[in-house]
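Notes to accompany the following structure.
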Amino acid sequence: DAVFQFGFRIYDVSYVLCTRIFLLTSSKLHGQPAFLKMNFHIFTLNTRGVNFKNKQGNTALLFASYNGHHHVVQLLLNQNADVNIQNKIGNTALIYATNRGRLDIVESLLKMNPNLDIQSNLGNTALIWASYNGHVGIVKLLLERNPKLDHQNKNGCTALILAIDKGHLDIVEL
């Protein structure tokens, strides 16, 4: 087994990776994620390690997408992180990135050909969240990839209905 400078064996790194990202993604040093300033690097991990889930079903990729850490998302994608993993409430990295308006992260995730039609436990898709929040650029990117337009969330609303309800005319006209 490979031993890193931290003394962890390769099968231990997945837990350390998820723990470090969980603890440090919300703290910053000079505008950058703190763990990058601490020279925390992702070494060669096996696929299981990158996709380690905590008790809520969140992976490092889900945390990084939710918190808007594009560089971390890139590192994880380069290690073959699974973009379609859902946590216990059904959210994926793409759903989090679209909900929070992170065009840079959405672009990176789309390069990995995620399933655009995954619905959270509340029935929301990435397109529904982008439409609801008025993220025009993200909606355009998603529409270029032909997601299903008739998905309804638990309230019976589609992406179009929510865009109309919120007054996002620029999205309705797409």
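The values are calculated or read from the model by the stated rules, or taken from the named source; none is laboratory data. Just so it is clear, the model here is predicted, and its values are computed rather than measured. Cβ coordinates were reconstructed from backbone atoms using ideal geometry, including for glycine residues, and neighbour counts include every protein chain displayed. Heads up: the accessible areas ignore ligands, DNA and RNA and are worked out on the full protein's heavy atoms, side chains in. Shrake-Rupley method; radii C 1.70, N 1.55, O 1.52, S 1.80 Å.
Tabulated values for the structure
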| item | result |
| --- | --- |
| With DNA, RNA and ligands ignored, accessible area of residue 108 (1.4 Å probe; Å², nearest 10) | 10 |
| Violating pairs (Cα-Cα greater than 22 angstrom) within the set 88/166; 140/166; 111/148 | 88/166 |
| Cβ crowding within 10 Å averaged over residues, with 140-152, 63-75, 159-171 ranked highest first | 63-75, 159-171, 140-152 |
| Phi to ³J(HN,Hα) by Karplus 6.51 cos²θ - 1.76 cosθ + 1.60 over region 71-86, Hz, x for Gly, Pro | 4, 5, 4, 4, 4, 5, 5, 5, 9, 6, 4, 7, 6, 9, 5, 10 |
